[in-house]
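Here the structure is laid out as structure tokens; the discussion comes afterwards.
The values are calculated or read from the model by the stated rules, or taken from the named source; none is laboratory data. No experiment lies behind these values; they were computed from the predicted model shown. Using ideal geometry, Cβ is built from the backbone for each residue, glycine included, and neighbour counts are taken over all protein chains shown. Ligands, DNA and RNA are excluded from the accessible area calculation, which covers all protein heavy atoms including side chains. Shrake-Rupley method; radii C 1.70, N 1.55, O 1.52, S 1.80 Å.
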Amino acid sequence: MTPDADSVDSRGDDPPVPPRDLDVTRLTPSPPVAAAEAAHAVRACFGLAGELSRLPGEAGDNFLLQAPSGRYVVKVAHQRADPQVVGVQVRVLRHIESAAPGLPVPRVTPAAGGQPWAVVEGGPLRGRLVHVLSYLDGQLLRLVATDQALRRTLGATLAELGRALRGFDDPLVHRPLLWDLAQLPRLSPLVAGRPPGPRTSLIAGQLGRLTAEVSPRLAAQRTQLVHNDFSPDNTLISADGRRVSGIIDFGDVTVTALVNDVAIAATQQLSDEPDLFGPALDLIGGYHAVTPLTAAELGLLPELILARLVARIIISEWRAERFPDNRSYVLRNTPRAWEHLHRLLSIPGEQTAARIQEATRA
């Protein structure tokens, strides 16, 4: 039976608090920012004025600004966000603009003083970090019916982005991050706080197995800075449906195994149709045509896709308890993740591995 969005059970006691070095901006509430407050901040810090409307977001507050000079995305960081981490994410965007100007990523709009981001000096948002990006046109991939050509283009575009990111490194992109598949063991405290039951047993068992069997193999693979969340909510498609017109949300950029980036994107292409894995194979093939994956990386993909589903369920259900006001957004992908997890576990791993080998054969 497919679980629904109400799959998180409530208990009177608070679940255990995870280690302090986990990504606190994903685990602690931040007071919501009103559009009027954001408008005041962006006017004071960037000299921009216009109509603001809220955009969805996970940890911070995002707004679309319709200004006389154009459209912008205003991003107000979580109240506990590290200024250095926000700064490095902005520098990543500037690096891509320099290294691969043809890639459709947002451009950084400088603050009034020329800096790439600003700290609000007064008013209700005093001390909060704000940065402004160009608005990219396109339709969210989530809303687009894809075909094989587009899915291969998605893979190729992700590979091109990976090539652009190879030249960037900084201590701040080597960080604790819940969504990094190389850091699966960090999810154990979140599982320990779940109520007992069949779902918890399944998730705990898979997390334990993946940590024991996959993590050591993954540690031996090549690493670099990756986007780490090439999802239907972070990818825009052109009006003709043939190309990627925007790659957004670089909040999860991190140095990790390169193959993780492919696994995350492929997980998003798992199908609700009888052939669960077919669309994902198209994306993997498109990526491999630009950046060939090693035999070891290809062999890890089935398990990494499974690991991404497990991580999504664990993190999303944990955060839904912590952020009840944002519950529907946090859990928007969780029912589908449960269904895909059950279906993937019913398919022999060697069958999936053979199909990946066939899809990437020259």
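Can you show me the helix-derived [θ] at 222 nm for the chain, built from DSSP H runs with n ≥ 4 at -39,500 (n - 2.57) apiece and divided by the number of residues, rounded to the nearest 500.
Per the formula, -13000 deg cm²/dmol.
Within a Cβ distance under 11 Å of Ile264, other residues only, what is the Lys/Arg minus Asp/Glu net charge?
Around Ile264, the charge tally is -2.
Mind ranking 80-91, 151-162, 256-267, 181-192 by how tightly packed they are, going by the mean number of other C-beta atoms within 10 angstrom, highest first?
Taking the mean over residues of other Cβ atoms within 10 Å, the ranking is 256-267, 151-162, 181-192, 80-91.
What's the FRET efficiency of Ala295 with Ala149 using the Cβ-Cβ distance as r and R₀ = 25 Å, to the nearest 0.05?
The value I calculate is 0.40.
Between Gln115 and Arg222, what is 0.36 nm times their sequence separation minus the Cα-Cα distance? Round to one decimal in nm.
35.1 nm is the gain from fully extending Gln115 to Arg222.
Between Tyr329 and Leu140, what is the spin-label point distance in nm, taking each point 7 Å from the Cα along the Cα→C-beta axis?
About 1.0 nm, to one decimal.
What is the distance, in nm, between label points placed 7 Å from the Cα along the Cα-to-Cβ direction at Arg94 and at Asp275?
The two pseudo-label positions are separated by 4.6 nm.
Taking all pairs of different Cα atoms in the chain, averaging 1/r and flipping that mean, what Kirkwood radius in angstroms comes out?
21.2
Ordering Ser231, Ser98 by accessible area with a probe of 1.4 Å, largest first, what comes out?
Ser98, Ser231
So if we plug the beta-carbon distance of Ala49 and Asp82 into 1/(1 + (r/R0)^6) with R0 = 25 Å, what FRET efficiency do we get, rounded to 0.05?
The value I calculate is 0.30.
Of the residues His174, His78, His227, which exhibits the maximal mean-square fluctuation in a Gaussian network model of the chain defined by a 10 Å Cα contact cut-off?
Its mean-square fluctuation being the largest, the pick is His174.
Given a 1.4 Å probe and every protein chain left where it sits, what share in percent of the accessible area of the range 204-331 is carbon and sulfur?
52
Which whole-number percent gives the relative contact order of the chain, counting Cα pairs below 8 Å spaced six or more residues apart?
19
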